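Step one of this worksheet: look at the structure below.
No lab work stands behind these numbers, since they all come straight from the coordinates. Given the structure is predicted, the values throughout are model-derived calculations rather than measurements. Glycine also receives a Cβ, built like all others from the backbone with ideal geometry; neighbour counts cover every protein chain displayed.
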Amino acid sequence: MNVALLGYGKMGKVIEQVCLERGHRIACVIDSIHDFELKAAQLEKADIAIDFSLPETAFDNILRCFELSLPVVVGTTGWYNHYDEVKKLCLHKSLALFHAPNFSLGMNIVFRLNKQLAKLVNGTHYRLSLHETHHTQKLDAPSGTALRLAEDMIERVGDLKSWRIGNSEQEDVLPIDVSRIGDVSGIHEVIADSAEDTISLKHEAKGRKGFAVGAVLAAEFLFGKKGVFMMDDILNDKY
């Protein structure tokens, strides 16, 4: 595939490396709003776009891809307040979008385990909490991954109604502890605690390559398809 990279920070550079390792070509790199005009001819040659830009630019990047009928894989988080609009537009115009708060295969296995854990502790005496740690350049807090974990828990635990950052004494509020430290790639931990014992479900990324491989796998999966897809679609397809 000819891949357009939208965003060329640390993740963008690792995605470029993975694309080349898997036999794909880089059609162009878009790293500013001006690049869409300066590199328009190169962008037209792209088969698919992968966006790891910034929360404040991701929504506009998606719309620009849609205008070009260019399938887009979005790993940026912090734009989901526009999600309903994006999904409606994608389906109405028969376009292609793949999005995920986290492209790591391991983290997506944890998403499934988290749903099961939430079901099992529903109605019991366990108190749920969530901890997430990322590098200091991570702009959104909680992370999109933490929000996905939290939303899945709230959906399945009857006593939970909402989440909040920091401690909470309210039994219907899920507390999320957020830390930004050094160059941490990402640590997420779900804890179910009781007076008798503690259950911990933890995922720790060792680097950025796992996310990059997942994003390129998503691009390969999306190529030639129409519709809105997530990592569950890849897991369901393979397993």
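Tabulated values for the structure
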{"quantity": "Around I33: net Lys/Arg minus Asp/Glu count, Cβ-Cβ under 12 Å", "calculated": "-3"}
{"quantity": "Percent of beta bridges antiparallel (DSSP, the chain, rounded to nearest 5)", "calculated": "35 percent"}
{"quantity": "Cα-centre dipole for region 105-239 with unit charges at Cβ (Lys and Arg positive, Asp and Glu negative), debye to 20", "calculated": "600 debye"}
{"quantity": "Listed residues L149, L68, L174, most fluctuating in the chain (Gaussian network, C-alpha, under 10 Å)", "calculated": "L68"}
{"quantity": "Within region 122-237, percent of DSSP bridges classed antiparallel, to nearest 5", "calculated": "60 percent"}
{"quantity": "With 5 Å bins from 0: P(r) over region 105-204, alpha-carbon pairs, percent", "calculated": "3, 14, 26, 26, 19, 9, 4, 1"}
{"quantity": "Counted charge near H188, where neighbours are those whose Cβ lies closer than 13 Å (Asp, Glu -1; Lys, Arg +1)", "calculated": "-2"}
{"quantity": "Fewest-first ranking of R164, R148, R127, using other Cβ atoms within 10 Å as the exposure measure", "calculated": "R164, R127, R148"}
{"quantity": "Total formal charge among the other residues, if their Cβ is under 11 angstrom from that of I15, Lys/Arg +1 and Asp/Glu -1", "calculated": "+2"}
{"quantity": "Surface/4 of the Cα convex hull for the chain, nm²", "calculated": "13.3 nm²"}
{"quantity": "Packing rank of 57-65, 182-190, where each peptide gets the mean count of other beta carbons within 10 Å, highest leading", "calculated": "57-65, 182-190"}
